[in-house]
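Here's the structure, in structure tokens; my notes come after.
The values are calculated or read from the model by the stated rules, or taken from the named source; none is laboratory data. All of these numbers come straight from a predicted model, not from anything done at the bench. Note that we place each Cβ from the backbone using ideal geometry, even for glycine, and neighbour counts take in every protein chain shown. For accessibility, only protein heavy atoms count, side chains too; no ligands or nucleic acids. Shrake-Rupley method; radii C 1.70, N 1.55, O 1.52, S 1.80 Å.
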Amino acid sequence: MSYPTGYRYTKEHEWIDATGTTGSIGITDYAQSSLGDIVFVELPKVGDTLEAGEAFGSVESVKAVSELFSPVAGTVTEINEALNDAPETLNSDANTTWILKLTISDTTQLDSLLSAAEYETFISEETGH
Amino acid sequence: MAETVAPLRKTALNAVHRAAKAKMVDFGGWDMPVEYSGLIAEHTAVRTAVGLFDVSHMGDIQLRGPGSLAAVNELCMNDASKLAIGQAHYSAMLYPNGTFVDDVIVHKLSDNDYLIVINAGTREKDIQWVRKTIGHMPSVHINDFSDHYTQLAIQGPRAMETLQKLTSTDLSTIKNYWFTWGKVCGLYNVMIARTGYTGEDGFEIYIPSDEPTSGRVWDEVLAAGAEFGIIPCGLGSRNTLRLESAMALYGHEISDTINVLEAGLGRYAKLDKPSFTGRDALLEVQNAGGPQRKLVGLEMIERGIGRDGYPVFTLEGEKIGEITSGSPAPFLKKNIAMAYVPVVCTALDTELAVEIRGQKVKAKVVALPFYKRPKKSASL
């Protein structure tokens with residue numbers, strides 16, 4: 001599994017790829033692998049405002065459902081509607097399949113998120129391997 | 001105070017599952033594979049080819065002696081006197097109030113010898129219940145053989161061809177829900193049963209539970225089935241397969257708060273037997289005009305997946321029940337569920353709503369089972 005070094009990560013297994021006040025959010029390779037075959041993604045609406053840590057949707061595999069939490073506060077500017085028809089893309093390419101894009105309201109919130117190395121350490125502590 | 005966590009129990013194939021990098025989970029206190037290559041791939045393999053499951057966590061209780069038939073018939077709701085040697089049937093152990101201790105498969109080994117296969121999660125409770133209920137009966141010995149066997153399930157339309165390569169026993173002569181003993185992978189006296197929990201044709205074999213033997217047979221079954229597309233399968237696909245086939249799962253469709261008639265399993269309860277534990281309570285329900293609620297199949301009409309425990313409402317907004325098992329159905333490609341609802345809501349095509357994370361999503365009542373395997377043509 002791989003975790004791009006430019007992204008920031010949450011302990012709930014989302015990543016955010018931010019440039020200035022624009023960010024794309026997806027789920028990590030670890031998250032898609034834990035969930036297994038993904039069959040449904042519940043997306044937010046464009047214009048929704050999110051708080052950091054707020055649930056904005058969910059990802060469902062055959063066996064489980066996992067809520068999605070926004071890593072930072074912001075306003076949804078775009079949703080990846082292709083996931084309605086091809087949710088399995090998250091399994092095959094979690095690192096580049098974004099779920100939503102948002103305008104970040106406070107970029108300093110990014111600093112409290114995990115780096116790729118910190119996230120990897122967190123995963124290995126959590127799973128014991 | 002520190003919490004004491006009992007170590008997970010392991011089947012003889014635990015090292016094999018781990019070496020194959022199966023995804024492992026705590027399943028009722030057992031460290032079991034939930035997924036090997038992927039739930040959808042495994043589910044599809046069993047519906048269209050063949051899959052191999054380790055189900056050694058299941059328990060096995062033997063009742064032996066001249067009193068064994070009387071004991072089985074007191075303990076279980078089906079009528080074991082109707083079984084021939086080499087035949088098995090679906091049954092259940094009930095509490096006096098007609099609810100479930102567990103559902104079981106009873107095998108008649110000989111006139112004085114029955115093997116009852118029980119669920120893994122309820123093993124200890126079941127064995128205590130058996131001892132309490134029939135321990136006082138004369139001439140019956142209760143043996144817990146649960147740890148003596150590795151139990152493998154070979155399931156799917158190519159299961160027979162797969163297993164036939166490993167035994168000289170003519171498998172085509174074993175009828176559904178019958179069993180025999182044969183030599184399998186060089187092991188003598190292996191019990192070969194044409195049973196399973198997937199809705200497909202298939203076999204369950206019982207081999208000695210030592211690790212080298214279990215691992216060798218596991219590998220030989222996979223090698224034998226390679227040409228038919230066999231893959232090892234986990235408990236995840238076992239669950240979706242049994243849900244599509246509308247087979248009950250303890251703790252979900254059946255439990256100590258649900259009775260046999262509600263669960264739609266009345267045909268296995270032989271109320272004309274003079275006595276069995278739970279009979280009087282079932283008769284009472286029947287004489288009162290039947291149960292108030294029943295198990296139904298639901299198919300989601302709108303987008304969304306109803307999961308275990310989600311509440312079910314009428315379209316007018318009255319809460320009427322909850323989902324016992326719900327999931328996407330990988331073969332049918334629909335989102336399905338089973339739920340208990342009042343009898344007035346059980347007519348086919350009745351529209352109901354499932355609450356999914358705060359949203360009411362429409363579903364309709366459909367016939368069970370959701371999936372039934374196609375009948376073989378007469379030439380087979």
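Take the residues in the range B:21-40 that are touching a strand residue (DSSP E or B) at 6+ places or on another chain (Cβ under 7 Å) and aliphatic (A, V, I, L, M), then tell me which one is farthest from the other protein chains (Cβ to nearest Cβ).
Once the filter is applied, the top-ranked residue is B:Met32.
For residues that are farther than 17 Å from A:Thr103 by Cβ and open to solvent by 60 Å² or more (accessible area, probe 1.4 Å), tally how many sit in the range A:7-41.
2
Of B:Thr180, B:Thr150, B:Thr169, B:Thr162, which residue is outside any strand (DSSP E or B) and in contact (Cβ under 8 Å) with a residue 40 or more places away in the chain?
Answer to the selection: B:Thr162.
Considering only the range B:232-253, state which residues are within 14 Å of chain A (Cβ to nearest Cβ) and not in a loop (DSSP other than H, G, I, E, B).
B:Cys233, B:Leu235, B:Gly236, B:Ser237, B:Arg238, B:Asn239, B:Thr240, B:Leu241, B:Arg242, B:Leu243, B:Glu244
For the structure I just gave you, tell me whether B:Ile142 is assigned to a strand (DSSP E or B), in contact with a helix residue (DSSP H, G or I) (Cβ under 7 Å, 6 or more places away or on another chain) and open to solvent by 10 Å² or more (accessible area, probe 1.4 Å).
Against the criterion (assigned to a strand (DSSP E or B), in contact with a helix residue (DSSP H, G or I) (Cβ under 7 Å, 6 or more places away or on another chain) and open to solvent by 10 Å² or more (accessible area, probe 1.4 Å)), B:Ile142 qualifies.
Return the residues of the range B:89-104 that are surrounded by 22 or more Cβ atoms within 10 Å (Cβ to Cβ) and not charged (D, E, K, R); say none if nothing qualifies.
Passing the criteria: B:Ser91, B:Ala92, B:Met93, B:Leu94, B:Gly98, B:Phe100, B:Val101, B:Val104.
How do the pairs read when you match residues in the range B:217-245 that are under 19 Å from B:Val34 (Cα atoms) with residues anywhere that are of a type in the set (S, T, N, Q) and part of a helix (DSSP H, G or I), using Cβ under 8 Å and keeping only pairs 6 or more apart or on different chains?
From the range B:217-245, the pairs are B:Ile230/B:Thr162.
For B:Ala337, state whether it is within 14 Å of chain A (Cβ to nearest Cβ) and not hydroxyl-bearing (Ser, Thr, Tyr).
So B:Ala337 passes the test.
Could you please find all residues in the range B:21-67 being in a loop (DSSP other than H, G, I, E, B) and over 16 Å from the mean Cα position of the chain (by Cα)?
B:Lys21, B:Ala22, B:Gly29, B:Tyr36, B:Ser37, B:Gly38, B:Ala49, B:Val50, B:Gly65, B:Pro66, B:Gly67, listed by residue number.
If you go through the range B:295-316 one residue at a time, how many are within 14 Å of another protein chain (Cβ to nearest Cβ), of a type outside the set (Ser, Thr, Tyr) and either crowded, with 18+ Cβ neighbours inside 10 Å or without any contact (Cβ under 8 Å) to a residue 60 or more places away in the chain (or both)?
Total meeting the criteria: 8.
Counting only residues that are open to solvent by 10 Å² or more (accessible area, probe 1.4 Å) and more than 22 Å from A:Val39 (Cβ to Cβ), how many does the range B:32-53 have?
Here the count works out to 0.
Identify, by number, the condition in (1) part of a strand (DSSP E or B); (2) free of Cβ contacts under 8 Å to residues at least 40 places away in the same chain; (3) closer than 23 Å to B:Ser91 by Cα that B:Val190 doesn't meet.
(3)
Could you list, in sequence order, the residues of the range B:2-31 that are open to solvent by less than 60 Å² (accessible area, probe 1.4 Å) and free of Cβ contacts under 8 Å to residues at least 24 places away in the same chain?
Within the range B:2-31, B:Asn14, B:Met24, B:Asp31 meet the criteria.
Has the range B:124-135 got any residue that is more than 22 Å from the chain's Cα centre (by Cα), of a type in the set (Val, Ile, Thr) and open to solvent by 10 Å² or more (accessible area, probe 1.4 Å)?
yes
Regarding the range B:254-266, can at least one residue be identified that is in a helix (DSSP H, G or I) and in contact (Cβ under 8 Å) with a residue 24 or more places away in the chain?
No: zero hits.
Only one residue in B:Met137, B:Met93 is outside any strand (DSSP E or B) and either of a type outside the set (A, V, I, L, M) or more than 20 Å from B:Leu13 (Cβ to Cβ) (or both). Which one?
Result: B:Met137 is the single residue among B:Met137, B:Met93 that is outside any strand (DSSP E or B) and either of a type outside the set (A, V, I, L, M) or more than 20 Å from B:Leu13 (Cβ to Cβ) (or both).
Can you spot a residue in the range B:73-88 that is in contact with a strand residue (DSSP E or B) (Cβ under 6 Å, 6 or more places away or on another chain), crowded, with 22+ Cβ neighbours inside 10 Å and in a helix (DSSP H, G or I)?
yes
Out of curiosity, is B:Gly65 in contact (Cβ under 8 Å) with a residue 40 or more places away in the chain, within 18 Å of B:Gly196 (Cβ to Cβ), surrounded by fewer than 24 Cβ atoms within 10 Å (Cβ to Cβ) and not hydrophobic (A, V, I, L, M, F, W, C)?
Against the criterion (in contact (Cβ under 8 Å) with a residue 40 or more places away in the chain, within 18 Å of B:Gly196 (Cβ to Cβ), surrounded by fewer than 24 Cβ atoms within 10 Å (Cβ to Cβ) and not hydrophobic (A, V, I, L, M, F, W, C)), B:Gly65 does not qualify.
Go through the range B:280-380 and tell me which strands (runs of 3 or more DSSP E), entirely inside it, have 1 or more residues that are closer than 22 Å to B:Thr44 by Cβ.
In the range B:280-380, B:293-300, B:319-329, B:334-342, B:359-366 are the strands (runs of 3 or more DSSP E) which contain 1 or more residues that are closer than 22 Å to B:Thr44 by Cβ.
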